[in-house]
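Remarks on the structure that follows.
The values are calculated or read from the model by the stated rules, or taken from the named source; none is laboratory data. Since the model is a prediction, treat every value here as computed from it, not as a measurement. We place every Cβ from the backbone using ideal geometry, glycine too, and count neighbours over all the protein chains shown. Calculation scope for accessible area: heavy atoms of the full protein, side chains included, ligands and nucleic acids excluded. Shrake-Rupley method; radii C 1.70, N 1.55, O 1.52, S 1.80 Å.
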Amino acid sequence: MKRSNVIGAVMAAVLVAQGPLTAAPAAAQSQTLNVQGADIRAFIQDVARSTGRTFIVDPGVSGTVTVSSDRPLSRTQLFEVFLSTLRANGLVVTPTASGAYRISPAQGAAQGPATVGSERFSTEVFQLRNIDAASAAETIRPLVGAQGQVLANPGANSVVVADFSDNLVRIRALIGRIDVDRTGFEVVTLENSSAREIANVLQTVLAPPGGQPGSGMVTVTPVESSNSIVLRGDPSAMARIRPLIEDLDRRAESADDVRVVFLQHADAEALLPVLQQVVGQPVTAATANSPASGRSGAGSDAAAAAAPAAAPAVPVAGQSAVIARFPGANALVISASADTQRMLAEVIRQLDQRRQQVLIEAIVVELSDNAVKELGVQWLLAGADGNPVGLTNYSDRAAPLVPLAGGAGAGQLPAGDPLREQLQNLALNTLLGANGFIGGGGGRIGDGLFGFIINAAKTDAGSNLLQTPSLMTLNNEEATILVGQEVPITTGETLLDGNANPFRTTQRQDIGVKLVVRPQINAGGSITLFLRQEVSSINGVLTDSANDLVLNKRELETTLVVDDGDIAVAGGLLDQNDRLSVDGVPGLASLPYVGGLFRSTSRQRGRTNLMVFIRPTIIRSPADAQALAADRWGYMRQQQLNNAPGVEPSLDEMLRDYMRTQAPTAPDYTITAPVGDVTAAPLPPVPQG
């Protein structure tokens, strides 16, 4: 038993001597490490006991460590060796708020807080001054450890690097060596070629394989005012490019002086007179059947009046260029020297731009109220032979007495007499055209006859007219919208062959809503509108016995300036009129009490409120036009759904079966307001079924 105790004590001493740390007391100031293939968790536990620190070990920490030291280590030195040992095994140590340390695998250390120790894992931002962030990130990315990350920040031209501190020192030195401006500048003036054309060629040639034009080692910028090219880059690279520029410019000297320019947005016929005036060529007048000649507006009318007759496109003495238009395509043919070609090419480039559009929305509001009151008495006295002795007749009233008396007396004429039928028809038409109350009576006074008619009427008529014409047009282009009817108006009547063969001439007149507008977008975002608004309707016939029509017409023609998207009042009318008409027998009509039996009174009162509002909206891009189309499409589709819920709208059916396309959809973006204004709200969402 004693021998066994001695062997156990010796074995224990050997195990302690070969353990992770020497068997020194915790209070010792220095220790010697001699660990061979020890479990890393046991190693962490011994270091915690020796340094008095608390470690939180991640479940993913595993493996063995081997550490040897030939001299004693203090607690601080032991802790630094401990951190280096963990880094060699792919582990990092992160401090916590409680004072403990968390030990975890190095994967994902870039997304966590900074670690501890002289070799801690940290993040640093390198501000670049001469090279771009993308190229610097590509250069240093292979030098960053497996756990590190490199992020380029093009906006601030900086690079963010997350790695161990000793590697960050090496990366910092590398960036200091490559972030040096070694570029130079050189200006090359061209004699025969266009600076913009040569710059486009060089940017394509210098682009790296698979890269975008303009991303090469040399930056090429055209200067059109001096027809020069500015080169920026490495001097050796610019020296290789200069012979290429000179060769291209020399070849352009022997090029043909005739060039065909195909326009993308502008109209060749509208652009031709402008270019001819620039080069001093006689202006060619527009043909009668051309689209440009049919345009209306102040500018086109003035140009047409000032343009002389078509001149032959042949060179004349002192003329620098000859410009013609090819009618078969939207193209111009220019015959000129190289300098003139470059000048005209720049003018065409600035004018051949996509033109903005303007949506014009008008609101015409008309409120009217008419009131008519009529009261009158008409008398008839006849002798014994039936001949009239006296009567009161007001022919402008609804029921005049004479036609009715003639119809009553027509019964005494023999049957079949044409006069009898005419008198009866006249009396019947008089009653059909009457309004209100009509009453009368008659009798005998001795051998004489008497009769009377009382007519009383009251008419109230009100209307609420709301019309909203709208149309879209290009900037500085006149547009017209007309919604209405063509009404025949009699202009003349002729009787031939003894009044037996009459004929009548008529003219068609547009009746309805008509809007003519020409918008002009100003530099500040406002819009100058040259507009004419017309609203007309049929009021009725002139008189009961005539077929001539009475037309109501409200017309507005003006010029005003409105900001984009604002509503402006273009004009209006507030009209109120009162009319009193009294017809009666002189003397008798003014008698007290009984005077009302000898007169007819009519009171008319009319009130009209008319106002025209205009709202222009600039359509700057295809996305704006698409959003507008989607908004209007959704509105009409929703109206069909409201009229017939549960039934597929005919718009969807027509679009699917006939056009075989999709409904317009609004892009996901916000329309930008004019310069100097706040951002406009996005268009309302398209209603869905």
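Just to be sure, is VAL67 out of contact with any Pro (no Cβ under 7 Å at 6 or more places or on another chain), modelled with pLDDT of 75 or more, outside any helix (DSSP H, G or I) and surrounded by 14 or more Cβ atoms within 10 Å (Cβ to Cβ)? Here the answer is yes, as VAL67 does meet what is asked.
Would you confirm whether any residue within the stretch 249-261 is modelled with pLDDT of 85 or more and of a type outside the set (Asp, Glu)? Checked against the condition, which is being modelled with pLDDT of 85 or more and of a type outside the set (Asp, Glu), the stretch 249-261 yields at least one hit. Considering only residues that are over 27 Å from ARG554 (Cα atoms) and modelled with pLDDT of 85 or more, which ones fall in the stretch 480-522? Residues satisfying the conditions are ILE521, ASN522.
Scan the stretch 93-123 for residues that are at pLDDT below 70, of a type in the set (D, E, K, R) and more than 10 Å from SER165 (Cβ to Cβ) and the total you get is 0. Each residue in the stretch 575-618 was checked for being assigned to a strand (DSSP E or B) and either closer than 19 Å to GLU366 by Cβ or not hydrophobic (A, V, I, L, M, F, W, C) (or both), and 27 pass.
To keep it simple, each residue is scored yes or no on (1) modelled with pLDDT of 65 or more; (2) open to solvent by 80 Å² or more (accessible area, probe 1.4 Å); (3) farther than 30 Å from VAL258 by Cα.
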| position | (1), (2), (3) |
| --- | --- |
| VAL278 | yes, no, no |
| ARG295 | no, no, yes |
| ALA313 | no, no, no |
| PHE326 | yes, yes, no |
| SER335 | yes, no, no |
| ALA338 | yes, no, no |
| ASN370 | yes, no, yes |
| LEU375 | yes, yes, yes |
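Residues in the stretch 522-534 that are surrounded by fewer than 21 Cβ atoms within 10 Å (Cβ to Cβ) and part of a strand (DSSP E or B): SER526, THR528, LEU529, PHE530, ARG532, GLU534. Screening GLN353 with (1) over 30 Å from ALA268 (Cα atoms); (2) polar (S, T, N, Q); (3) in a loop (DSSP other than H, G, I, E, B); (4) modelled with pLDDT of 70 or more gives one miss only, at (1).
Under the condition of being part of a strand (DSSP E or B), without any contact (Cβ under 8 Å) to a residue 40 or more places away in the chain and under 15 Å from THR183 (Cα atoms), the residues counted in the stretch 222-247 number 0. The residues in the stretch 621-657 that are open to solvent by 80 Å² or more (accessible area, probe 1.4 Å) and basic (Lys, Arg) can be counted, and the count is 2.
Is at least one residue of the stretch 37-49 open to solvent by 40 Å² or more (accessible area, probe 1.4 Å) and either touching a Ser or Thr at 6+ places or on another chain (Cβ under 7 Å) or under 30 Å from VAL150 (Cβ atoms) (or both)? Yes, the stretch 37-49 contains at least one residue that is open to solvent by 40 Å² or more (accessible area, probe 1.4 Å) and either touching a Ser or Thr at 6+ places or on another chain (Cβ under 7 Å) or under 30 Å from VAL150 (Cβ atoms) (or both).
Could you tell me which residue of the stretch 566-606 is modelled with the lowest pLDDT, considering only residues that are in contact with a strand residue (DSSP E or B) (Cβ under 7 Å, 6 or more places away or on another chain), open to solvent by 50 Å² or more (accessible area, probe 1.4 Å) and of a type in the set (A, V, I, L, M)? So, considering only residues that are in contact with a strand residue (DSSP E or B) (Cβ under 7 Å, 6 or more places away or on another chain), open to solvent by 50 Å² or more (accessible area, probe 1.4 Å) and of a type in the set (A, V, I, L, M), the one modelled with the lowest pLDDT is LEU597.
Among the residues of the stretch 180-202, those identified as in a loop (DSSP other than H, G, I, E, B) and either buried (at least 17 other Cβ atoms within 10 Å of the Cβ) or free of Cβ contacts under 8 Å to residues at least 24 places away in the same chain (or both) are THR183, LEU190, ASN192, SER193, SER194.
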